[in-house]
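**Student:** Structure incoming, see below.
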Amino acid sequence: MLSVEDLKSCYGRIEALHGVSVEVRAGEIVSLIGANGAGKTTLLRAISGVQAVSAGRIVFEDRPIEALAAHKRVALGIAQVPEGRQLFEPISVEDNLKLGAWTRRDVDFKAELDPVYELFPVLFQRRHAAAGTLSGGQQQMLAIGRALMAGPRLLLLDEPSMGLAPILVEQILGAVQRLKQTGLTVLLVEQNASAALAIADRGYVVETGRVVASGAAAELLADKRVRAAYLGV
Amino acid sequence: MAENLQFAFSGLTVGTVYALVALGFTLIYNASDVINFAQGEFVMLGGMTTVFLAMAGLPLPLAALAAIASTVVVGLALHRLAIEPARTANPIVLIMITIGASIFLRGLAQVVFDKRFHTLPPIFGSEPIRIGGAAILPQSLVVLAGAVVIVVLLWAFVDRTLFGKALIATSANRLAARLVGIDTRQIVGFSFAVSAAIGAAAGILITPITLTSFDVGTLLALKGFAAAMLGGIGSALGAVVGGLLLGLLEAFAAGYLSSQYKDAVAFLVILAVLFAMPQGLFGKTRVERV
Ligand SMILES: Nc1ncnc2c1ncn2[C@@H]1O[C@H](COP(=O)(O)OP(=O)(O)OP(=O)(O)O)[C@@H](O)[C@H]1O
Ligand SMILES: [Mg+2]
């Protein structure tokens, strides 16, 4: 479904990705793990088109998209839940969700909102509140809900568990699993490697702008090196 | 007392124009971080184009509409031809570009129109209305009413439509706006168009009172900028309050000191705001960007 081939990307003169290749197949949850500054966010930004790419290809459903503007990639079916949530803070929860469906303004909002409210009922209770007033967990739910409103086939998640209490992490990752069951494909970036690999089909380990290991999630979980570096065992 | 009331009337009238210019600054700044110093030229183009179309025989309302429409085209062209190609440049460069554009537009106006002062007939005549010993021109009330209509329309648009929400979303979080699929370039272009329309309308409304010429834009841009700073750059409410306040300050300075000092007030306001309260009256403290 998504194939990233030998992708390079720079911040100014400094290259942050030195040729990364990642493959995501339809229906999978693929986890991308790696330490601070490894380049995980840079990769997701490049896939979404908000980060310039200096070399390599990004192919989505057999279509090269590396030259497409960001808004066109959303329309094609790639939505991102960015690092740090990046909500429209002064705007209400419900309007944040409606803006999530910006590329599909012809849809019936109510029919689109219902499944999101069903997945995260607390968003329904707080639908008139400004997004900036939500708690951390609620904000993360809203960020996911907003991305779902785009009707994506591929969901990019950047550290959804960051800063959340363990019970909320469980709730969020549980929701991701349920989304998978509805047929959604997910590329999940996490520092919380054990939690991410636990729900994933496959995984990639990124270190300083390169993929250094990849394989089935269970294999990575068992891998000695991965365990030592990312699972603290 | 009557004297003070008189100062207040004239202050509010010009202050309304400053407020509209400041609102134009605010719209573009919020969508793009660009401070558009060509904002004053929109005011000039509104007034001058109406004058010349009316002289060419067009009925006044039609001339005014055509002037607004052509100023919108200029605003869109400014965005597409000058700002958009340089959008990755740093803000200082973009500001220089808008200053260059304003010089260009002024030069163009001098050639296409002329260098003389012009006026338009006031809508409801020029017989002053007496209130509490002070006199107010009917056109001043037209300026105020026009500004109220503009502000209400803008507010309704931003608050009641999804496109308006996308405008707020883009100014609140540009990255997130792009990630939900908002074409932020289109939003910035739109903000240039609306700012141009507001500026042109202000120019048309005020011309019967203050006259217009090819070079009125420079000072108006400066004063609108001072008003926006005073209100807090990025705040629409601040732009309106800042504009009215600056107009009043000017009118009272001119009345109590000397009309020679009137234009210095805007400079003093800019300096005072920079030193004493960089975020203005209603601005958010935001991280300094270089
Ligand atoms: N805006 C930026 N300007 C310059 N360099 C940047 C910028 N953002 C990231 N980098 C650099 O690019 C590299 C990759 O960063 P990136 O944010 O992609 O890492 P990450 O894997 O997402 O890290 P984290 O787990 O902390 O989120 C890092 O060395 C970082 O310092
Ligand atoms: Mg990151």
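**Student:** In nm, to one decimal, how far is the modelled label at A:Arg227 from the one at A:Asn36, with both set 7 Å along Cα→Cβ?
**Tutor:** About 2.7 nm separates the two model spin labels.
**Student:** Here is a further query. Of all the accessible heavy-atom surface of the protein assembly as shown, with the other protein chains kept in place and a 1.4 Å probe, what percent is carbon and sulfur?
**Tutor:** Values: 14220 of 22990 Å².
Of the solvent-accessible surface of the protein assembly as shown, carbon and sulfur hold 62 percent.
**Student:** If I stretch the segment between B:Asp263 and B:Ala2 completely, what's the gain in nm (0.36 nm per residue apart, minus their alpha carbon distance), one decimal? Write down the numbers at each step before the final one.
**Tutor:** Values: separation 261, 0.36 × 261 = 93.96 nm, distance 2.37 nm.
Between B:Asp263 and B:Ala2, full extension yields an extra 91.6 nm.
**Student:** Given the options B:Leu268, B:Leu76, B:Leu144, which has the most mean-square fluctuation in a GNM of chain B, springs set between C-alpha atoms less than 10 angstrom apart?
**Tutor:** Top of the fluctuation ranking is B:Leu268.
**Student:** Label-point separation (nm) for B:Leu141 and A:Ala165, each offset 7 Å from Cα along Cα-to-Cβ?
**Tutor:** Output for this residue pair reads 6.2 nm.
**Student:** Using only Cα atoms and rounding to the nearest 10 degrees, what angle (0 to 90) does helix B:264-276 make with the longest principal axis of chain B?
**Tutor:** Once rounded, one gets 40 degrees.
**Student:** Additional query: Where in the range B:34-55 does the amide nitrogen come within less than 16 Å of the point 7 Å from the Cα of B:Ile103, taken along Cα to Cβ?
**Tutor:** The answer is B:37-39, B:41, whose backbone nitrogens lie closer than 16 Å to the label point.
**Student:** Okay, next question. Using the Kirkwood radius over Cα pairs, work out the Stokes-Einstein diffusion coefficient for the range A:2-231 at 4 °C and 1.567 mPa s, in µm²/s as a whole number. Display every interim value, and only then the final one.
**Tutor:** Numbers: Rh = 17.8 Å.
Approximately 73 µm²/s, per Stokes-Einstein.
**Student:** Could you tell me which of rounded, prolate or oblate describes the range B:1-136, using a ≥ b ≥ c as the square roots of the eigenvalues of the alpha-carbon gyration tensor, with rounded for a/c under 1.5 and, failing that, prolate when a/b is larger than b/c and oblate otherwise? It would help to have the intermediate numbers written out before the result.
**Tutor:** On the way: a/c = 2.68, a/b = 1.49, b/c = 1.79.
Note, shape of the range B:1-136 comes out oblate.
**Student:** Taking the Cα centroid of the range A:68-89 and of the range A:99-133, what is the distance between the two, rounded to the nearest whole Å?
**Tutor:** Using only Cα atoms to place each centre, the spacing works out to 16 Å.
**Student:** If you don't mind, there's one more thing I want to ask. With unit charges on the beta carbons (Lys and Arg positive, Asp and Glu negative) and the dipole taken about the Cα centre of the range B:2-276, which residue among B:Leu245, B:Ser235, B:Gly217 sits farthest to the positive side?
**Tutor:** Toward the positive end, the furthest listed residue is B:Ser235.
**Student:** Roughly how much accessible area, to the nearest 100 Å², goes out of reach of solvent when B and A pair up, both sides summed, probe 1.4 Å? Walk me through the intermediate numbers first.
**Tutor:** On the way: alone 14090 and 10710 Å², together 22990 Å².
Interface between B and A: roughly 1800 Å².
**Student:** On average, how much area does the Cα convex hull of the protein assembly as shown cover when viewed from any direction, in nm²? Walk me through the numbers before you get to the answer.
**Tutor:** Numbers: hull surface 111.6 nm².
Taking the Cα atoms of the protein assembly as shown, their convex hull projects to 27.9 nm² on average.
**Student:** Sort A:86-93, A:164-171 for me by packing, meaning the mean count of neighbouring Cβ atoms within 10 Å per residue, highest on top.
**Tutor:** So the order, starting with the most tightly packed, is A:86-93, A:164-171.
**Student:** Can you give the local net charge around A:Ala216? Use residues other than it whose beta-carbon is closer than 9 angstrom to its beta-carbon, Lys and Arg +1, Asp and Glu -1.
**Tutor:** Numbers: positive: A:Arg202; negative: A:Asp201, A:Glu219.
After counting each charged neighbour, the total is -1.
**Student:** Only Cα pairs within less than 10 Å get springs; with that Gaussian network setup on chain B, which residue of B:Ala200, B:Ala272, B:Ala228 has the largest fluctuation?
**Tutor:** B:Ala272
**Student:** Take the alpha carbon gyration tensor of the range B:78-195, find the square roots of its eigenvalues, order them as a ≥ b ≥ c, and report rounded if a/c is under 1.5; if not, report prolate when a/b exceeds b/c, else oblate. List each step's numbers first, then the result.
**Tutor:** On the way: a/c = 3.28, a/b = 1.46, b/c = 2.24.
Because a/c hits 1.5 or more and a/b fails to exceed b/c, the range B:78-195 counts as oblate.
**Student:** To the nearest whole number, what is the average tally of beta carbon atoms from other chains within 10 Å of the beta carbons of peptide A:83-91? Walk me through the numbers on the way to the answer.
**Tutor:** On the way: counts 1, 2, 2, 8, 4, 11, 4, 5, 6.
Mean number of neighbouring Cβ atoms from other chains: 5.
**Student:** Please work out how much length the chain gains when fully extended from B:Ser126 to B:Asn90, using 0.36 nm per residue of separation minus the C-alpha to C-alpha distance, in nm with one decimal. Let's see the in-between values first.
**Tutor:** Numbers: separation 36, 0.36 × 36 = 12.96 nm, distance 4.78 nm.
Between B:Ser126 and B:Asn90, full extension yields an extra 8.2 nm.
**Student:** Roughly how crowded by other chains is peptide A:24-34, in terms of the mean Cβ count from those chains within 10 Å of each of its Cβ atoms? Could the numbers behind the result be given before it?
**Tutor:** Values: counts 0, 0, 0, 0, 0, 0, 0, 0, 0, 0, 0.
So the per-residue partner count for this stretch is 0.
**Student:** Alpha carbon centre of the range B:161-176 versus the range B:16-58: separation in Å?
**Tutor:** 23 Å
**Student:** Also: Report, in order of residue number, the helices in chain A meeting two criteria: a C-alpha extent of 20 Å or more along the helix axis, and a mean Kyte-Doolittle hydropathy of at least 0.0; treat each whole DSSP H run as one helix.
**Tutor:** Flagged H segments are A:166-181.
**Student:** Around A:Gly49, what is the net charge, scoring Lys/Arg as +1 and Asp/Glu as -1 over all other residues with Cβ under 11 Å from its Cβ?
**Tutor:** Numbers: positive: A:Arg45, A:Lys72, A:Arg73, B:Arg178; negative: A:Glu66.
Overall, the nearby charge balance is +3.
**Student:** Moving to a separate point now. Which whole-number value in Å² is the accessible area per residue of the range B:1-135, probe 1.4 Å?
**Tutor:** Details: 6340 Å² over 135 residues.
Counting only protein heavy atoms, the per-residue value for the range B:1-135 is 47 Å².
**Student:** Please build a GNM for chain A, connecting alpha carbons under 10 Å apart, and tell me which residue among A:Val205, A:Val107, A:Val176 fluctuates the most.
**Tutor:** For chain A, modelled as a Gaussian network with Cα springs under 10 Å, the answer is A:Val107.
**Student:** Follow-up question, since we're still on this one. For B:162-173, what's the mean count of beta carbons from other chains sitting within 10 Å of each residue's beta carbon? Mind showing how you got there, number by number?
**Tutor:** On the way: counts 7, 2, 0, 8, 7, 0, 5, 9, 2, 2, 8, 9.
The per-residue average across the peptide is 5.
**Student:** Next up: Compute the angle between helix B:39-55 and the longest alpha-carbon principal axis of chain B, please, reported from 0 to 90 degrees and rounded to the nearest 10.
**Tutor:** 50 degrees
**Student:** Rounded if a/c is under 1.5, else prolate if a/b is larger than b/c, else oblate: which is the range B:2-276, with a ≥ b ≥ c the root eigenvalues of its Cα gyration tensor? Please list the in-between numbers first.
**Tutor:** Working: a/c = 1.61, a/b = 1.35, b/c = 1.19.
Cα axes put the range B:2-276 in the prolate bin.
**Student:** What distance in nm separates the simple spin-label points at A:Lys72 and A:Arg178, each placed 7 Å from Cα in the Cβ direction?
**Tutor:** The modelled label-to-label distance comes out at 3.6 nm.
The values are calculated or read from the model by the stated rules, or taken from the named source; none is laboratory data. This one's a predicted model, so the numbers in the text were calculated from it and none came from an experiment. Quick reminder, even Gly has a Cβ in these numbers, built from the backbone with ideal geometry, and neighbours come from all protein chains shown. The protein model used for the area step is the full one, side chains on, heavy atoms only, and it has no ligands, DNA or RNA in it. Shrake-Rupley method; radii C 1.70, N 1.55, O 1.52, S 1.80 Å.
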